[in-house]
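Engineer: Input: one structure, supplied below.
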Amino acid sequence: MPALKKAALAVTSAALLSAFVVTPASAADKDDAPKPPSGMSQVGGEQLGRAGTQVNLGAGAPVLPKKLTGRSWMVSDAETGEVLASHNPHWRLPPASTLKMLFADTLLEDPALLPKTREYTVKDEDLADLGEGSSLVGIKEDLSYTVHDLWLGVFLRSGNDAVHVLAAMYGGVPKTVDAMQARAKELQALDTYVVSPDGYDAPKQVSSAYDLSLFARDGLQNADFREYCSTATAQFPGAKKKGQKRESFGIQNTNRLLTGADGVGAYKGIAGVKNGYTTHAGNTFTGVAERNGKVLLVTVMNPSSDETHAVYKEAARLLDWGFAASGKVTPVGELVPPRSATTGTGTDTAGAGKGAEAESAAGNKGGNGPDRAAQAAATTDGSSGIGIALGIVGGVLVLLAGGVFLVNRRWPLPDLMRRRPRP
């Protein structure tokens, strides 16, 4: 990559990251904000296809929080797959860096393909197609990195440079995009259309709160995925001076509910997963947390509130509500298992898949398709966070065992998640 282009990228990225830290996400004209389409997918249940907020409160159930402004959100039980409440969960929207969950779930599926200890020397062409203003971890051409280093760059710094290097190792960006799209189909995440593996804004690239929750749930079944998405801080390889030992520098996870950075309190029991931001997508976030043996997933997309770091605060409110409402609400739907899996509960997953395909096709007619949902030119992915990393309360996560979604409580979370790094 030419030095001039690298300098421009660095300056633009720094400026955008700084702006993102101090500027809350907001909608310029809330009255002109896009409205959800009338016909959305019904994958997971008929009620999930309805526009607006869906919740079935039972006796003693708390009401939903008032300050919820996301265009789309969903809170679900990661163990059972029950969706406790939702708001336009199948609305196809730009996902920003939360799409990196699908990237990781796809490439980490076969650990022998990209073993953690494998080293790779970065070429100029590996970094040639990074979008202007991309979030970067700081990878340099002609230097070598392990696969483990690169995944830390993906999850902690939301590094598009790390994504592109891993994609190059996988066989190139086009092959990676095709694999991600195939993986989305296998997961019945049929709202998703992949154009760029890093989530950078691109025409037609969309996903949904429902699909992002599917990606997180499936990814969390992988031990490496759990480790990377839950790591608060790490050391990343830096420059190498002749005759001297290679330097390293500290990086911190941009997930503020994980680190407790920038005035956002660390959420008790948080164990990942991924945040994102672009000008077109706004702020997006998917998180998983555990309390008293209950594991919940939450996804929030593009809140319009002027509240600083609204996406994290709204996610935290939904998690609080979910833990309080568990067992007191009738689910509004479910997170469907992959096509190749069976739930063992009598659920007609084959029917769900057929319905998903029909709904996916029908949704495009009502303005809910990629052409209407993501037309803006590529902008910036500026997820960032600076602050003191706090430890993570342990959690119980989902594993896919014998083709059945089960909770494997014998697998503790990595020791890395229990450390409490000092300032």
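The values are calculated or read from the model by the stated rules, or taken from the named source; none is laboratory data. Bear in mind that the values here come from a model prediction, so they are computed numbers and not experimental data. Every residue, glycine among them, receives a Cβ derived from its backbone with ideal geometry; neighbour counts consider all protein chains shown. Protein only, heavy atoms only, side chains kept; ligands, DNA and RNA dropped before computing areas. Shrake-Rupley method; radii C 1.70, N 1.55, O 1.52, S 1.80 Å.
Engineer: Can you order the peptides 44-51, 314-321, 155-162 by their average number of other Cβ atoms within 10 Å per residue, highest first?
Structural biologist: In descending order of packing, they fall as 155-162, 314-321, 44-51.
Engineer: Keeping all protein chains in place, calculate the accessible area per residue for region 179-244 (probe 1.4 angstrom), answer in Å².
Structural biologist: 30 Å²
Engineer: Quote to one decimal, in nm, the extra length available between Lys67 and Lys241 on full extension: 0.36 nm per residue of separation minus the C-alpha distance between them.
Structural biologist: Going from the current span to full extension adds 57.5 nm.
Engineer: Okay, next question. If you place +1 on the Cβ of every Lys and Arg and -1 on the Cβ of every Asp and Glu, how big does the dipole about the Cα centre of region 69-120 come out, in debye to the nearest 20?
Structural biologist: The calculation lands at about 340 debye.
Engineer: For the pairs Lys35/Lys67; Lys175/Lys242; Lys241/Lys274, note any where the Cα-Cα span goes beyond 30 Å.
Structural biologist: In this structure, Lys175/Lys242; Lys241/Lys274 exceed 30 Å between Cα atoms.
Engineer: What does the net charge come to around His309 if you take all other residues with beta carbon closer than 14 Å to its beta carbon, with K and R at +1 and D and E at -1?
Structural biologist: 0
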